Every structure is written in C-alpha cells, then in structure tokens.
Amino acid sequence: QVQLVESGGGLAQAGGSLRLSCAASITTFTGNTLGWYRQAPGKQRELVARISSGGQTDYTDSVKGRFTISRDNPKKSVYLQMNSLKPEDTAVYYCNLQARLSGTNYWGQGTQVTVSS
C-alpha cells in the first residue's frame, strides 16, 4: 500500500513563502514521476509542478519563477518551495506519485495553503 503524507501548509501573507513536503511509503521511489496539484474551491484540480525520475521539471505558467519542485530520493520525499505567494495560490495542495511501471496514480490527503492579501 503506497501512502503519501504531506506537510507544511498553512497561512501566509501575500509575498511570503511556504515549503510543502511529501513523504512516500513505497518500496521503489526512484523511477517514478512526482507532482504537486492543487484544487481551489469551486475549481478543478490542476497540476502545479512535476518532476521526473531524471529530475526534469515543468510548471504551470502561473507559478513559473515563483515555485520550485525538488525530490530527495534517499528520503523518498518531494518538496514544493513556494515564494512570492499570491492570494490566488490559495488551495488544497496534493502530492502525487505516478508509478512508472503500472501508471497508477497515488495521492496524498492534501494540505491547505491560504494566502492573505
């Protein structure tokens, strides 16, 4: 059973920073694509950032230059450093792991990020 546990959400002021962490309980962590998604009230869940097994990253346009995704394979963890936060970044953020062999998507429970103006 794969489990993803997020931490690091909370309340920040506009222009501030938060760092999200996600720890995975999985036998083989390397080789899988990891991502962060978010869902704001009344909106669909959207991809924020993802990182491949080789370290290639991509971001949704609205966070480019402000957010950085990274992974630590020995710690089986993925991180999202969020800088220059805006009120529109307010959402529940979900960690995602896409298993390389099966293509199965695993999700964390979500962590709330609230940015005040």
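Within 15 Å of the chain's Cα centre (by Cα), at pLDDT 95 or above and not in a strand (DSSP E or B), is that true of S21?
Criteria not met by S21.
Could you say whether any residue in segment 67-80 is in contact with a helix residue (DSSP H, G or I) (Cβ under 8 Å, 6 or more places away or on another chain) and surrounded by 12 or more Cβ atoms within 10 Å (Cβ to Cβ)? The answer is no; no qualifying residue exists.
In the set (1) within 19 Å of T114 (Cα to Cα); (2) not in a loop (DSSP other than H, G, I, E, B), G42 fails one condition alone, (2). Out of all the residues in segment 38-56, is one or more in contact (Cβ under 8 Å) with a residue 60 or more places away in the chain, out of contact with any strand residue (DSSP E or B) (no Cβ under 6 Å at 6 or more places or on another chain) and surrounded by 15 or more Cβ atoms within 10 Å (Cβ to Cβ)? For segment 38-56, residues in contact (Cβ under 8 Å) with a residue 60 or more places away in the chain, out of contact with any strand residue (DSSP E or B) (no Cβ under 6 Å at 6 or more places or on another chain) and surrounded by 15 or more Cβ atoms within 10 Å (Cβ to Cβ): absent.
Do you know which of the residues in segment 1-18 that are small (G, A, S) and in a strand (DSSP E or B) is surrounded by the most Cβ atoms within 10 Å (Cβ to Cβ)? Quick ask: steps written out before the conclusion?
First, the residues of segment 1-18 that are small (G, A, S): 7-10, 12, 14-17.
After this cut, where a residue has to be in a strand (DSSP E or B) as well, the list is 7, 10, 12.
Details: S7: 13, G10: 11, A12: 17.
Across segment 1-18, the extreme among qualifying residues is A12.
Considering segment 27-37, the residues that are open to solvent by less than 40 Å² (accessible area, probe 1.4 Å) and in contact with a strand residue (DSSP E or B) (Cβ under 7 Å, 6 or more places away or on another chain) include one that is farthest from Y93 (Cα to Cα), namely N32.
Applying a threshold of 6 Å to beta carbon distances and a minimum spacing of six or more residues, or different chains, the list of pairs starting in segment 99-116 at a residue that is in contact (Cβ under 8 Å) with a residue 60 or more places away in the chain and ending at one that is loosely packed, with under 15 Cβ neighbours inside 10 Å and outside any loop (DSSP other than H, G, I, E, B) reads T114/L11; V115/P87; S116/Q13. Evaluating D72 against the criteria (1) over 21 Å from L101 (Cβ atoms); (2) modelled with pLDDT under 95; (3) not small (G, A, S) leaves one unmet condition, (2).
The values are calculated or read from the model by the stated rules, or taken from the named source; none is laboratory data. Quick caveat, the model's predicted, so the values are computed rather than measured. Counting neighbours? That spans all protein chains shown, and the Cβs are built from the backbone with ideal geometry, glycine included. Ligands, DNA and RNA are excluded from the accessible area calculation, which covers all protein heavy atoms including side chains. Shrake-Rupley method; radii C 1.70, N 1.55, O 1.52, S 1.80 Å.
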